[in-house]
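Worksheet: one structure, shown below.
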Amino acid sequence: MCVGVPAKVLERDEFTAKVDVLGSQMTVGILLVPDVQVGDYVLVHAGQALQIVDEMFAVVSIEEWRKLVDGTHS
Amino acid sequence: MEPILKEVQDAGLGQSLLREVIRLADRFKEKYGHPPAYMEVCGSHTHALARTGIKRALKDHVRLISGPGCPVCVTDQKTIDAMIALTEGENRIICTFGDMLRIPGSKGSLLKAKTEGKDIRVVYSPSDSVRIAKENPDNEVIFLGVGFETTIPVLGIALKEAWEDGVKNFSMWVTTKLVEPVVRYLLDSGEAKLDGFLLPGHVSVVLGKNQYSYLVDEYGVPGVISGFEMNEMLSSIYLLIELGLKEEAKIINNYKSVVKDEGNPQALTIMETFFTPNDEAWRGIGVIPKSGLDIREEYRSLNAKIRFPVTVGEPIKTKCRCGEIIRGLVGPEDCPLFGKACTPMKPIGPCMVSSEGSCSAHYKYLRE
Ligand code: SF4
Ligand code: SF4
């Protein structure tokens, strides 16, 4: 039920933002992520953006997993 | 972001991770004499572990136990009956999430009430039901809100909107659940033997990593916060086994791109503002003190339980074993009704109704 989907912020006003979810556009609330900027990715649940997705951390995780399978992880 | 998502799903990386997990799990078994056993608390994990084939691929190496992680599955029968009874009143519009519609109550379901002409609407967002209330001033609009910490702030936002806009014909019937009290219950009861927890990604967005310190400090059990893509889950299981081998209990945040150590402060504030701890009844477990949240007294006019009290009798007992399934004691195949009398088309219990329920995930992806 808590399926969160990543969405890209296209436009924002005070309390809502227009986002793109897998090619379709919708309006979501942004009360929980007041600092969100156009161009950010957010995790959307039940009509609200729950969190800003941090791209840098995503890249770092993938690097970590690669190291892990390459055996360079102790 | 799109390219990152693809890398997260990268099947080649997944295959290598899988081999590493198996290698480590077999070392774990050698060391401790039993395969590592982890509980996924979240229903979305249950579903994703089945769908990606991880559960099947690890079946002989790692025990992955589904826990009480879907709010639909843990809602007790009496509460479902009360929600259905709520549709009886005149001039009511009942709004809820889609998952709730087909859950069988002792007599019928919300879907049955709808086919009998009751005005029951599925909404995507609780805020939509506030809008419906504004558009239908002659009706009472009641939102049936279930959910864990991921959903509770979103329910809170709808309450905030209704309160600030002075919407008088809107109220909410909430039966929300908190993760910590039920995890404590499971660990205290000692029923399910666990080597750690695959911690819920979305609940943790709200709570944050720091909130899980009780697992380490009080129970000495490790946990890894995980996302839902194949590689996210495989690497999280890997990290759990590694902690076990090192005999180290700690919480690792393996979903740093969305989960922060301190959680989401705005979401926590909304929860604080509108809700207060409440004793909640869990299916198959009974009442766990302070294991849910109800609407604060200040906002009693928004609380449908106060505005529209209903009484329902004791529910009829069925052979459904959902209660034991959500405690991690038995699997879907242990239920005599599984795949026979009970299927996703004709569900008997909530674990088959919710797409995140163990029985439904098992039926779709894991039947032998
Ligand atoms: S309701 Fe949300 S937290 Fe619960 S299981 Fe489903 S997805 Fe996870
Ligand atoms: S198979 Fe159906 S009846 Fe059996 S436990 Fe699952 S939901 Fe309940």
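The values are calculated or read from the model by the stated rules, or taken from the named source; none is laboratory data. Being a predicted model, the structure only gives us computed values, none of them experimental. Don't worry about glycine lacking a Cβ; one is built from the backbone with ideal geometry, like all the others, and counts go over all protein chains shown. What goes into the accessible areas is simple: the full protein's heavy atoms, side chains included, and nothing from ligands, DNA or RNA. Shrake-Rupley method; radii C 1.70, N 1.55, O 1.52, S 1.80 Å.
Some values worked out for this structure:
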{"read-out": "Test set (1) at pLDDT below 90; (2) among the polar types (S, T, N, Q); (3) farther than 25 Å from B:PRO344 by Cβ - B:ASN139 fails condition number", "value": "(1)"}
{"read-out": "Those residues of region B:19-53 which are under 23 Å from A:ALA58 (Cβ atoms), over 20 Å from the mean Cα position of the chain (by Cα) and surrounded by 23 or more Cβ atoms within 10 Å (Cβ to Cβ), in sequence order", "value": "B:VAL21"}
{"read-out": "Residues located in region B:87-108, provided they are over 18 Å from B:ILE132 (Cα atoms) and of a type in the set (A, V, I, L, M)", "value": "B:MET100, B:LEU101, B:ILE103"}
{"read-out": "Wholly enclosed helices (runs of 4 or more DSSP H) of region B:1-106 bearing at least 1 residues away from ligand 2 (no atom under 16 Å from the Cβ) and within 30 Å of B:GLY190 (Cβ to Cβ)", "value": "B:11-32, B:43-51, B:54-57, B:77-85"}
{"read-out": "Those residues of region B:346-358 which are open to solvent by 10 Å² or more (accessible area, probe 1.4 Å) and within 15 Å of ligand 1 (Cβ to nearest atom), in sequence order", "value": "B:VAL353, B:SER355, B:GLU356, B:SER358"}
{"read-out": "Verdict on B:VAL146 being open to solvent by less than 30 Å² (accessible area, probe 1.4 Å), outside any helix (DSSP H, G or I) and more than 11 Å from chain A (Cβ to nearest Cβ)", "value": "no"}
{"read-out": "In region B:91-129, the residues that are open to solvent by 40 Å² or more (accessible area, probe 1.4 Å) and hydrophobic (A, V, I, L, M, F, W, C)", "value": "B:LEU111, B:VAL122"}
{"read-out": "Exclusive hit being within 16 Å of B:LEU64 (Cα to Cα) and modelled with pLDDT under 90, set B:GLU368, B:GLU324, B:GLU333, B:GLU314", "value": "B:GLU324"}
{"read-out": "Per-region count, region B:319-329, residues open to solvent by less than 30 Å² (accessible area, probe 1.4 Å) and either within 9 Å of ligand 2 (Cβ to nearest atom) or of a type in the set (Val, Ile, Thr) (or both)", "value": "4"}
{"read-out": "Residues (facing chain B (nearest Cβ under 7 Å) and either at pLDDT below 80 or in a helix (DSSP H, G or I) (or both)) located in region A:38-65", "value": "A:GLU55, A:PHE57, A:ALA58, A:VAL59, A:SER61, A:ILE62, A:TRP65"}
{"read-out": "Residue count for region B:151-165, restricted to those that are crowded, with 24+ Cβ neighbours inside 10 Å and closer than 13 Å to A:LEU31 by Cβ", "value": "7"}
{"read-out": "Residue in region B:280-302 that is touching a residue at least 40 places away in the same chain (Cβ under 8 Å), out of contact with any Pro (no Cβ under 8 Å at 6 or more places or on another chain) and of a type in the set (Lys, Arg) present", "value": "no"}
{"read-out": "Unmet requirement for A:ASP35, which otherwise passes all of (1) more than 9 Å from chain B (Cβ to nearest Cβ); (2) open to solvent by less than 60 Å² (accessible area, probe 1.4 Å); (3) not hydroxyl-bearing (Ser, Thr, Tyr)", "value": "(2)"}
{"read-out": "Matching residues in region B:184-241 - criterion: being among the aromatic types (Phe, Trp, Tyr) and at pLDDT below 95", "value": "B:TYR185, B:PHE228"}
